[in-house]
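Notes follow the structure.
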Amino acid sequence: GQLPTWLKGILLRNGPGMHTIGDTKYNHWFDGLALLHSFTFKNGEVYYRSKYLRSDTYNCNVEANRIVVSEFGTMAYPDPCKNIFAKAFSYLSHTIPEFTDNCLINIMKTGDDFYATSETNFIRKINPQTLETLEKVDYSKYVAVNVATSHPHYDSAGNILNMGTSIVDKGKTKYILFKIPPSVPEKEKKKSRFKHLEVVCSIPSRSLLHPSYYHSFGMTENYIVFIEQPFKLDIVKMATAYIRGVNWASCLAYHKEDKTWFHFVDKKTKKEVSTKFYTDAMVLFHHINAYEEDGHIIFDIIAHTDNSLYDMFYLKNLSKDFGEKSKLTSIPTSKRFVVPLQYDKDAEVGSNLVTLPSAATAVKEKDGSIYCHPEILCEGIELPRINYDYNGKKYSYVFATEVQWSPVPTKIVKFNIQTKEMLYWGEDDSWPSEPVFVPSPDAREEDDGIVLTCVVKSDPKEAPFLLVLDAKTFKELGRAIVDVEMPVDLHGMFIPEKDLKTETE
């Protein structure tokens, strides 16, 4: 096929690559050492490269020829030859663990720089052209967080907004919303932009020792949407995990009898909306989009009724017929919540406060809190992406992978939220990755552009390829076959040529 002549830049992807080091194996697929890969588009051609992220974790493990740094699903132990005192000391120092810098989930842009990210307090700067690993940044030096999401948001001024959890700091556990500026004042050029990081707001956790796990959050023009779900981290278990010889993932538990709480932070006043909004228990990883309309916040998410998705990816479950054998116990469901920020304070108890035409409701309870019931948009999609120019605005299209009862995506879908129409691309024995939308330079409509996805074949004899689809029609424009072993990845981003520093800079 053919690539659009305007397509110039780099598709950068990140995900787990190496799962065995020496005689040791990771327990979980999400623990593998980060492998960056890129597709560079110029003059109608595609160039592929890949490189392991040379994190401290990578270097320590490779040097020891075994896993010595713990990951979320794999607890590692120091050298057994060390004396007993050193061992006792290392047990004590693991209370709030020294986390890994194996940044394998996503790519984040700050100003002109790019970072590989995961959910610990470390991010690693990389060169998007050569995939070289550069300096390590520790968020906790600039803001009191122990973990942070790898799905930040970017506002129109180029600021990055992200969230992290501060665990039992000065006797409090809280969720912290922070902002990183796109650039620093000229006279401070030598200083890191992270020194200018600003805490926008902190939201106290409902429980000191059981903060909510979250993988992403939502953003509208004026608000941040944060969901405190009953999928929680047990801090006491985490502090003793090392001594008990269990992994950190076992310290996460889903409390299905609890509620899910919605928090809305006003970006201008930096204050949280005081009304208590909640819904039933759910587990969510990905927000799709959020926007405001007539005094309401509308936000779309992908919800699960349990946390079985994570358990599926323990390597002991990943046999060669994984796709057929493994069944999710809950199918991911796209839900739309409509939350009235402005409503009649004298409304009767039990009345629906949503005044927009919607199947979603928000019902006033006796104690003044508001119970939100969603509209179901569709089922069976995950890894959602949108045209990011429509982030925080009213929108129509979601690009995603289709996951029915199997956790492995088999198709790419384009879902029209307004008409509920779905377009698909799929091929036998193909596992596509998260689709990335790239707008065409003269785009007038939301779906003017292309969709890029890496497709791995389940038959190892068949080569993987990069697929280019017309975003409007979902017809294939072309594919670039890459004769290398390419693992399934997690997330990534397209970097237009104009956002890449030239080599001389």
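The values are calculated or read from the model by the stated rules, or taken from the named source; none is laboratory data. Please read these numbers as outputs of a predicted model, since none were measured by experiment. Cβ: placed from backbone, ideal geometry, glycine included. Neighbour counts: every protein chain shown. Protein only, heavy atoms only, side chains kept; ligands, DNA and RNA dropped before computing areas. Shrake-Rupley method; radii C 1.70, N 1.55, O 1.52, S 1.80 Å.
Some points to look at:
- Solvent-accessible area per residue for region 354-469 (1.4 angstrom probe, square angstrom): 42
- Calculated Rg and Dmax of the chain using C-alpha coordinates, Å: 22.6, 70
- Within the accessible area of the chain (1.4 Å probe), percent carbon and sulfur: 52
- Relative contact order (percent, whole number), the chain, Cα cutoff 8 Å, 6+ residue spacing: 12
- Among the chymotrypsin sites (Phe, Trp or Tyr not before Pro) in region 154-216, none sits in a DSSP loop with a Cβ that has at most 11 other Cβ atoms within 10 Å.
- For region 333-439, the relative contact order is 20 percent, taking Cα pairs closer than 8 Å that sit 6 or more residues apart in sequence and dividing their mean separation by the residue count.
- Taking packing as the residue-averaged number of other Cβ atoms within 10 angstrom, the listed peptides 257-264, 160-167 run from highest to lowest as 160-167, 257-264.
- Nearby aspartates and glutamates by direct alpha-carbon distance to Lys501 (threshold 13 angstrom, same-chain neighbours under 8 apart not counted): Asp112, Asp113
- Counting only Cβ charges, +1 for Lys and Arg and -1 for Asp and Glu, the dipole size of region 9-499 around its Cα centre is about 1520 debye.
- By the rule of a C-alpha distance below 12 Å, with chain neighbours fewer than 8 residues away ignored, the aspartates and glutamates paired with Lys8 are Glu45, Glu497, Asp499.
- Rg ratio for region 290-424: its Cα radius of gyration over 2.2 N^0.38 Å, N being its residue count, equals 1.26.
- Amide H to amide H, with H built 1.01 Å from N, Ile450 comes under 5 Å of Val438, Ser440, Ala471, counting only residues 5 or more places away or on other chains.
- Positive end of the dipole of the chain (Cβ unit charges, origin at the Cα centre): among Ala249, Val398, Pro441, the Cα lying farthest that way belongs to Ala249.
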